[in-house]
Amino acid sequence: MREAAPSDRTKVHRHPERARYDRPSIDAILDDAYVCHLGFRVEGQPFGIPTMFARDGDRVIVHGSAASRMTKTLATGVPVSVAVTLLDGLVLARSATHHSMNYRSVVVVGHAQPIEDRVDKVAAMRALVERIAPGRWERVREPSDAELRSTTILAVPLDEASAKVRTGPPVDDEEDLSRDVWAGVLPLAPTAMGEPIPDPGLPAGTHLGSDVRGVLERLRPKP
Ligand SMILES: Cc1cc2nc3c(=O)[nH]c(=O)nc-3n(C[C@H](O)[C@H](O)[C@H](O)COP(=O)(O)OP(=O)(O)OC[C@H]3O[C@@H](n4cnc5c(N)ncnc54)[C@H](O)[C@@H]3O)c2cc1C
């Protein structure tokens, strides 16, 4: 496992005290998030494309149509960054400049590797489905050969990664502290789930199943 030290590319410069490089800190943020932004260049133009992901051990798994520019570009092995953000609060300061946000974020840099081996590809697909609802893989149809052929699955190793965490109140200048304006943090609730909306084609009486109930129990707002 990687040492808890940054590489030249992952060293946080601004507020280095907010940086974390140990895998438990990085994994905890990745495992709490559903969406990442993949950064890569196409003909000199940088793009940041949002997509679902799952951490599978020492790698981040993403997938997409084999026909998409994202998967076709990344499969060639170009440099990629994976950015993940969890927003915890809005930080309201007494001065315009010191407004901020409380967050937990991760940046991974490296190269994506296409997963070609059928067994590994199915395992990666399983990681993505289980990320959405643990236990669901056992209940749904596995991908067919044709579906696997039309889907590109990519793995980005967690070899070079950093986390950054901001917590706490605004950091105002001393001379602004007496200013007559509210300052503090407006916390944002973690991802919260609403009531399930059944697919219109679902036969009446189809039960939610333990996989769906598990997600609801975890993410429904607590009374
Ligand atoms: C929700 C949110 C709001 C933010 N708002 C601002 C803002 O308004 N202004 C501002 O300057 N910054 C903001 N940041 C922080 C911003 O992400 C950078 O950390 C900041 O630009 C300083 O980067 P740097 O010069 O130290 O690092 P850079 O030289 O830009 O990056 C070097 C390396 O540090 C690591 N790194 C940098 N930032 C992060 C991060 N956030 N998470 C994990 N790894 C990181 C990466 O590995 C990167 O390759 C915000 C972050 C979040 C998540």
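The values are calculated or read from the model by the stated rules, or taken from the named source; none is laboratory data. Quick caveat: nothing in here was measured; it's all calculated off a predicted structure. Because the Cβ atoms are built from the backbone with ideal geometry, glycine has one as well, and the counts that use them run over all protein chains shown.
Residues that are polar (S, T, N, Q) and more than 8 Å from the ligand (Cβ to nearest atom) were ranked within the stretch 92-101; the one that is farthest from the chain's Cα centre (by Cα) is Ser95. For residues that are part of a loop (DSSP other than H, G, I, E, B) and surrounded by 12 or more Cβ atoms within 10 Å (Cβ to Cβ), tally how many sit in the stretch 197-223. Going through the stretch 197-223 one residue at a time, the tally reaches 2. Checking each residue in the stretch 9-23 for being crowded, with 16+ Cβ neighbours inside 10 Å and within 26 Å of Ala189 (Cα to Cα) picks out Ala19, Arg20, Tyr21, Arg23. Remark: pairs (first residue in the stretch 70-85, within 30 Å of Asn102 (Cβ to Cβ); second residue within 12 Å of the ligand (Cβ to nearest atom) and part of a helix (DSSP H, G or I); Cβ separation under 8 Å; 6+ apart in sequence or on different chains) = Val84/Ile29; Val84/Leu30. The single condition among (1) of a type in the set (A, V, I, L, M); (2) in a strand (DSSP E or B); (3) closer than 28 Å to Ala5 by Cβ that Leu90 does not satisfy is (3). For the stretch 1-38, the set of residues classified as in contact with an Asp or Glu (Cβ under 7 Å, 6 or more places away or on another chain) and within 9 Å of the ligand (Cβ to nearest atom) consists of Ser7, Arg9, Thr10, listed by residue number. When Leu148, Leu128 are checked against the criterion of being within 21 Å of Pro190 (Cα to Cα), modelled with pLDDT of 95 or more and away from the ligand (no atom under 16 Å from the Cβ), Leu128 stands alone in meeting it. Listed by first and then second residue, the pairs with beta-carbon distance under 6 Å, at least 6 apart or on different chains, first residue in the stretch 34-49 and farther than 13 Å from Arg69 by Cβ, second surrounded by fewer than 13 Cβ atoms within 10 Å (Cβ to Cβ) and among the charged types (D, E, K, R), form an empty list. In the stretch 24-60, which residues are of a type in the set (D, E, K, R), within 23 Å of Ala192 (Cβ to Cβ) and loosely packed, with under 12 Cβ neighbours inside 10 Å? Correct list: Asp31 only. Taken together, Gly110, Gly77 contain a single residue that is more than 8 Å from the ligand (Cβ to nearest atom), under 23 Å from Ala163 (Cα atoms) and among the small types (Gly, Ala, Ser), which is Gly110.
Residues in the stretch 151-174 that are assigned to a loop (DSSP other than H, G, I, E, B) and within 22 Å of Leu74 (Cβ to Cβ) were compared, and the one that is nearest to the ligand (Cβ to nearest atom) is Glu160. The set of residues in the stretch 51-67 that are polar (S, T, N, Q) and without any contact (Cβ under 8 Å) to a residue 60 or more places away in the chain contains only Thr51. From the list Gly44, Gly48, the lone residue that is on the phi < 0 side of the Ramachandran plot and either small (Gly, Ala, Ser) or in contact with an Asp or Glu (Cβ under 7 Å, 6 or more places away or on another chain) (or both) is Gly48. Restricting attention to the stretch 95-135, the residues that are touching a strand residue (DSSP E or B) at 6+ places or on another chain (Cβ under 8 Å), within 30 Å of Pro170 (Cβ to Cβ) and of a type in the set (Val, Ile, Thr) total 3.
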